[in-house]
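In what follows, a structure is listed as C-alpha cells, so that the remarks can point back to it.
The values are calculated or read from the model by the stated rules, or taken from the named source; none is laboratory data. All figures in this text were calculated on a predicted structure; none of them were measured in a lab. Backbone-built Cβ (ideal geometry, glycine too); neighbour counts: all protein chains shown.
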Amino acid sequence: MNQVRVRFAPSPTGALHIGGVRTALYNYLFARKNNGQFLLRIEDTDQNRFVSGAEEYIRESLEWCGIKLDEGPATGGDYGPYRQSERKHLYKSYALELVEKGHAYYAFDTPEELTSERQQQKEKGNHTFKYDGTTRLVMRNSLSLSAEETKRLLASDTPYTIRLKVPQDQVVEVNDLIRGKVSFQTNELDDKVLFKADGMPTYHLANIVDDHLMKISHVIRGEEWLPSTAHHILLYNGLGWGHEIPQFAHLPLILKPNGKGKLSKRDGDKLGIPVFPLSWKGETPEDSFSGFREFGFDARAVINFLAFLGWNPGTEQEIFSLEELCEHFSIEKISKAGARFDFDKARWFNQQYIIATDDAILAEIIRPTVEAKGFNVSDEFLADFCGLMKERVVFFNDFVKNGYYFFEPVKTYDQKTIKKKWQPERRKAFDRLLGLLSQLTDFTHTAIKNQVVEFMEEENLKFGDVLPILRVAVSGTMKGPAIFEMMELLGKTEIMKRLNNAYKYFDDAILVS
Ligand code: GLU
C-alpha cells in the first residue's frame, strides 16, 4: 500500500457531534495502525453556515480525547493551508478545467428562476425537481444557450455557477471497504453545483481537489456521504485523477438509544444525556449544552466507548487503551449495521476507568470540584476518599456529589433506615459504644471493627442492629463506602460529633413519626 494519509474534514457549522468524534477517531486509529498520517482539514466554504468558535471546539474536542494530529490548521504540515477558505484561489481553475473538458458547464439561472422552475415542475406533479440530464436543456446554461450568449454573459457581471455535467446512462461503482461494491445509476444523479456565484467552491469540488492535493489515500467518513461518492468519482475521472481515487469507507450510523433512527442533538436534550464531547455555549440557552467532559467522563472511557460504536475486535476484550486500539483497529471489523448509542455502556466504561485509576490521580482530577465547593482538604485525605468511593461512582462528578459528607456535616438522614432500625431503648447501648470508641487510641478501621464486634457480643446485638445505625449516623445514607474505613478517614473527633448529633436526631425522628 502507498503511504496511508487520512483526513478528518469537518465543516465548522456548530459543535462537533459525538459521531464526528468517532469519525475522527477511526481515521486516527487507521493512520496509526498503518504508520500513516492523520490530518485535520476545515471545510469552511459555506459562509452562510459558518459558526464562530466551531473550529476551536473541534480542536479542543480532539485534544481532550487524545486524538493527535500530524497536520492541520494549527499544527501545520507540508500540504497546507488546511482551511479551505485559505485555499480559495486554488479551486476555480479545476472547475474551469472541467468545463473545458466538457465535464461541467456554466449555469446562469438565478435563484428566482430555480425556484420558479421547481414550482412549475411541482404543478406538473413532479415534486423533486432535479437539475440533471433531463432538465438541463430547459435551463439557462452554457449547454442550452449559444456560445455567443454564454460568452456575453460571462463577460458581463452576470453571476453564474459551474455545474457538473453528469453523463447519462452510466453506472458508477464504488468499492467501499465496509459496504463492498455499491453501484449508482448516473441518471439518478443531479448536476451538482461545483462552484458558486460567490466565488467559493462547493463541498464536492473542494473536497475532491483537496483530497487529491493532500494525497489522501483513504476517505473514512459517515454513511450520509455515500450518495455523494458517485459525484466524487465522476469528478476524479473528469479531472484525470481516475487512477488515484482514494479508497472509501463509509461508517455506519450511530442510532438513538432505543435503536430507532439516527442519534440527534434532540435525543440528548430529551434523555438528559450528552451527545457532544464538550459543552457548547450557543447564542440561546436552547443552543447551549454540556458534553461528556462536563458530565464527568474520563476521556479514555469515551474513546473506548466510541471505538466500539461500529467496530469490535472480534474477541471478548472490551477495555482498550488508545494505544491498544491503534494496534487492534482494522476497517474489516467495522460493521455495516447502525450502532446503537447505548448510554449504559458508556457509563459502564467510565466506571471501569475510574476503578482502574490510581487514587492519587483521581484526587488530582476532582480537586477543582472540591475546592469550588469551598472544601479544604489534604492530598492524602482526598486520595483516601477517592479510594473509598471509586467503586461507587459512575462519573467524576459523583465523587463529591455522593460523598459530600466527607467534607461537611450530614445534610439528610435516611428516614427509612432510622424508622426501621433505631430503637430508643437501645440509646443507652449506643451511647456506651460512643464512649468505647472515644477511648480508642488507634482509630483505625481494624481497631474500630474489633471494638464494634466486641460491643455487639456484650450487648447481644447483631450486625444488622448496629451497622445501619452507624452508617446512617456517619453519612446519612445506606449507600456509602465501607463503614469502618469511612470512620477511620473521618477521624475520631468528627465521628464522636456525628454519632452524638445523629442519636439525638434519631430519637426526635422516632418521636414525631
Ligand atoms: N465537510 C464534510 C463534513 O462536514 C466532510 C465529509 C467528508 O469527509 O468528505 O462532514
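Thr477 meets all of the listed conditions (1) in a helix (DSSP H, G or I); (2) touching a residue at least 12 places away in the same chain (Cβ under 8 Å) but one, namely (1).
Which of the residues that make up the stretch 39-66 are more than 13 Å from the ligand (Cβ to nearest atom) and not in a helix (DSSP H, G or I)? The answer is Ser52, Gly53, Gly66. Whether a residue is in a helix (DSSP H, G or I) and over 49 Å from the mean Cα position of the chain (by Cα) was assessed, and Arg498 does not pass this test. Scanning the stretch 427-442 for any residue that is surrounded by 17 or more Cβ atoms within 10 Å (Cβ to Cβ), under 30 Å from Ile365 (Cβ atoms), in contact (Cβ under 8 Å) with a residue 40 or more places away in the chain and not aromatic (Phe, Trp, Tyr) turns up nothing. Suppose the filter is modelled with pLDDT under 95 and over 25 Å from Trp280 (Cβ atoms); does Gly80 pass it? Considered against the rule, which asks whether it is modelled with pLDDT under 95 and over 25 Å from Trp280 (Cβ atoms), Gly80 comes out as yes. The set of residues in the stretch 221-232 that are part of a helix (DSSP H, G or I) and within 10 Å of the ligand (Cβ to nearest atom) comprises Glu224, Trp225, Ser228, Thr229, His232. Counting only helices (runs of 4 or more DSSP H) that sit wholly inside the stretch 390-445, those with at least 1 residues that are more than 19 Å from Tyr505 (Cβ to Cβ) are 396-402, 427-438.
Is it the case, given these coordinates, that Ala337 is hydrophobic (A, V, I, L, M, F, W, C) and part of a helix (DSSP H, G or I)? It is false that Ala337 is hydrophobic (A, V, I, L, M, F, W, C) and part of a helix (DSSP H, G or I). The residue that is modelled with the lowest pLDDT, counting only those in the stretch 109-127 that are under 21 Å from Leu143 (Cβ atoms) and in a loop (DSSP other than H, G, I, E, B), is Asn126. A count restricted to the stretch 188-220 and to residues that are small (Gly, Ala, Ser), within 12 Å of the ligand (Cβ to nearest atom) and part of a loop (DSSP other than H, G, I, E, B) stands at 0. Test Ile208 against the stated conditions and say whether it is of a type in the set (A, V, I, L, M, F, W, C), in contact with a His (Cβ under 6 Å, 6 or more places away or on another chain) and at pLDDT 95 or above. Answer is yes for this residue.
Exactly one residue out of Glu294, Glu244, Glu316 is under 24 Å from Gly72 (Cα atoms) and away from the ligand (no atom under 16 Å from the Cβ): that is Glu244.
Just one of the numbered conditions (1) assigned to a strand (DSSP E or B); (2) within 26 Å of the chain's Cα centre (by Cα) is not true of Tyr105: (2).
The set of residues from the stretch 338-386 being out of contact with any strand residue (DSSP E or B) (no Cβ under 8 Å at 6 or more places or on another chain), over 16 Å from Gly296 (Cα atoms) and in contact (Cβ under 8 Å) with a residue 60 or more places away in the chain comprises Asp342, Phe381, Asp384, Phe385. Restricting Leu69, Leu16 to those that are aliphatic (A, V, I, L, M), within 12 Å of the ligand (Cβ to nearest atom) and assigned to a loop (DSSP other than H, G, I, E, B) reduces the list to Leu16. When Pro277 is tested against (1) under 19 Å from Tyr57 (Cβ atoms); (2) surrounded by fewer than 22 Cβ atoms within 10 Å (Cβ to Cβ), just one condition goes unmet, and that condition is (2).
Between Val21, Val6, which is within 15 Å of the ligand (Cβ to nearest atom), touching a His at 6+ places or on another chain (Cβ under 8 Å) and either in contact (Cβ under 8 Å) with a residue 24 or more places away in the chain or hydrophobic (A, V, I, L, M, F, W, C) (or both)? Don't jump to the end; show me each part of the working.
Numbers: Val21 fails: touching a His at 6+ places or on another chain (Cβ under 8 Å).
Residue meeting the stated conditions: Val6.
When the stretch 132-183 is limited to residues that are basic (Lys, Arg) and within 20 Å of Leu234 (Cα to Cα), the one that is surrounded by the most Cβ atoms within 10 Å (Cβ to Cβ) turns out to be Arg163. Arg347 meets each of the listed conditions (1) surrounded by fewer than 18 Cβ atoms within 10 Å (Cβ to Cβ); (2) in contact with a helix residue (DSSP H, G or I) (Cβ under 7 Å, 6 or more places away or on another chain) apart from (2).
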